[in-house]
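Written out below as structure tokens is the structure these notes cover.
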Amino acid sequence: MAVVQVIPVMIPMLGEEEAAAAAEAVRSGWVAQGPRVARFEREFAATAGAAHGVAVSSCTTGLHLSLVLLALRPGDEVIVPSLSFIATANAVRYVGATPVFADVDLATGNLTVDTIDAVRTSRTRAIVAVHQGGVPFDTVAVRKAADDWGLALVEDAACAAGTTVYGQPAGAGAAVAAWSFHPRKVLTTGEGGMVTVDDADTAARLRRLREHGMNVSAADRHRSSQPVLETYLETAFNYRMTDIQAAVGLVQLGRLAGLVEQRRALAARYQELLSGIDGLVPVRDPAWGRTNYQSFWVLLNRPYRTGRDEVLAELAKRGVSARRGIMAAHLEPAYADVAPAPLPVTERITRDSLILPLHHQVTEDDQRHIVGILRELA
């Protein structure tokens with residue numbers, strides 16, 4: 001029986017440079033949070049258009065710390081998209097606040113001023129807006145609305161490394177933005193994340209919060225020629241990144257621009273190949289930005305005659321590892337106790353979309369094979 005060659009949905013771009021950088025960190029003897037983390041923070045913040053970067057163990061922990069900064073209390077509401085990985089909503093619950101699900105725009109999968117306003121109440125204290133799948137939300141409009149309403153805005157930029165909005169990096173100008181370096185992201189450190197801010201005092205507190213609330217970091221203690229007696233200023237967390245991860249991240253950061261351009265070229269080819277299939281709508285850049293195409297999804301519309309799950313099954317049968325579209329948190333058992341306002345667009349996208357393979361090893365022949373299957377099923 002012939003073995004079907006599988007086209008993976010994602011392969012991280014990791015090579016000998018990353019392996020050598022990680023090995024060098026191991027040989028240095030400094031494998032915990034140290035000088036490579038500090039350098040990665042500086043260089044990533046510069047790439048993201050922010051003054052400060054604070055490396056953390058994941059984007060989820062970065063979102064948690066971002067919400068800790070807001071001193072939210074039980075009864076406070078935080079507006080989030082249901083159409084996002086469940087960590088976005090979970091982080092709100094971590095601080096004892098209530099996530100309130102807002103609907104999204106059909107074309108981008110992102111919150112808009114109108115969808116936020118539709119669920120805003122007197123108890124709303126903050127908004128977590130996501131650059132979904134690397135597609136940027138309209139930062140100018142949403143930031144202005146948040147300011148006008150007197151609400152804090154946390155930007156979930158988990159997927160957005162290399163994305164631009166109005167000609168600037170996705171995180172530029174954000175009060176606080178959280179980033180992911182999970183293996184499915186364009187830039188990966190295996191696991192890991194970053195919080196970027198412009199305010200120096202906020203960055204200093206974030207560094208304390210990720211390191212048990214200590215007033216002196218481990219790196220500062222190590223550099224001191226005298227004994228240092230640290231103080232623990234508040235109840236905090238252990239959300240640190242290792243120097244091994246940061247070493248990989250620094251190599252990845254050097255690849256970022258090239259990876260984004262390669263992904264955009266692959267996305268453009270998908271869009272061209274898919275253009276003649278009625279009822280199949282591929283994701284595209286919004287008017288205000290350029291996506292990094294961390295995920296390339298397509299939405300099935302009438303008159304497309306095959307259901308999404310059947311499409312996934314047929315692709316898998318023929319060697320294509322696609323995925324369902326972005327999840328909707330309010331439909332998961334963890335949020336069965338939540339009764340959200342109607343979310344018709346969210347439910348439409350999560351039911352009728354799928355994510356196609358897009359990574360550095362995808363070839364033109366792969367794309368033609370994938371699109372050929374989609375064309376047959378139409």
Query raised in the report: If we scan the range 123-143, do we find a residue that is open to solvent by 30 Å² or more (accessible area, probe 1.4 Å), in contact with a Leu (Cβ under 7 Å, 6 or more places away or on another chain) and free of Cβ contacts under 8 Å to residues at least 40 places away in the same chain?
Result: yes
Report task. Enumerate the pairs (first residue in the range 193-212 and closer than 19 Å to residue 235 by Cβ and in a loop (DSSP other than H, G, I, E, B); second residue anywhere and modelled with pLDDT of 95 or more and open to solvent by 60 Å² or more (accessible area, probe 1.4 Å)) with beta-carbon separation below 7 Å, excluding pairs fewer than 6 apart on the same chain, so at least 6 apart or on different chains. Result -> 210/240; 212/238
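Residue check: is residue 49 at pLDDT 95 or above, open to solvent by less than 60 Å² (accessible area, probe 1.4 Å), of a type outside the set (Lys, Arg) and at positive phi? Walk me through it before giving the result.
Values: at pLDDT 95 or above: yes; open to solvent by less than 60 Å² (accessible area, probe 1.4 Å): yes; of a type outside the set (Lys, Arg): yes; at positive phi: yes.
For residue 49, the condition - at pLDDT 95 or above, open to solvent by less than 60 Å² (accessible area, probe 1.4 Å), of a type outside the set (Lys, Arg) and at positive phi - is met.
This table checks each residue for (1) surrounded by fewer than 16 Cβ atoms within 10 Å (Cβ to Cβ); (2) at pLDDT 95 or above; (3) in contact with a Gly (Cβ under 9 Å, 6 or more places away or on another chain).
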site	(1), (2), (3)
342	yes, yes, no
349	no, yes, yes
356	no, yes, no
364	yes, yes, no
368	yes, yes, no
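Per-residue answers, yes or no, for (1) surrounded by fewer than 16 Cβ atoms within 10 Å (Cβ to Cβ); (2) in a loop (DSSP other than H, G, I, E, B); (3) of a type in the set (A, V, I, L, M, F, W, C):
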position: 9; (1), (2), (3): no, yes, yes
position: 22; (1), (2), (3): no, no, yes
position: 33; (1), (2), (3): no, yes, no
position: 37; (1), (2), (3): no, no, yes
position: 41; (1), (2), (3): no, no, no
position: 55; (1), (2), (3): no, no, yes
Query raised in the report: Could you say whether any residue in the range 258-268 is open to solvent by 30 Å² or more (accessible area, probe 1.4 Å) and under 18 Å from residue 189 (Cα atoms)?
Result: yes
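Condition test on residue 80, is it touching a helix residue (DSSP H, G or I) at 6+ places or on another chain (Cβ under 8 Å), closer than 30 Å to residue 249 by Cβ and crowded, with 23+ Cβ neighbours inside 10 Å?
Criteria met by residue 80.
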Query raised in the report: For the range 70-180, which fully contained strands (runs of 3 or more DSSP E) count at least 3 residues that are small (Gly, Ala, Ser)?
Result: 177-180
Query - the range 69-85 residues that are within 22 Å of residue 349 (Cα to Cα) and of a type in the set (Phe, Trp, Tyr), paired with ones that are open to solvent by 20 Å² or more (accessible area, probe 1.4 Å) and in a loop (DSSP other than H, G, I, E, B) (beta carbon under 7 Å, 6 or more apart) - result: 85/327
Report summary line: All-but-one check, residue 310 against (1) under 30 Å from residue 100 (Cβ atoms); (2) open to solvent by 80 Å² or more (accessible area, probe 1.4 Å), failing number (1)
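The values are calculated or read from the model by the stated rules, or taken from the named source; none is laboratory data. Owing to the predicted nature of the structure, the values given are computational and were not obtained by experimental measurement. Cβ sites come from the backbone with ideal geometry, for glycine too, and all protein chains shown count toward neighbours. The protein model used for the area step is the full one, side chains on, heavy atoms only, and it has no ligands, DNA or RNA in it. Shrake-Rupley method; radii C 1.70, N 1.55, O 1.52, S 1.80 Å.
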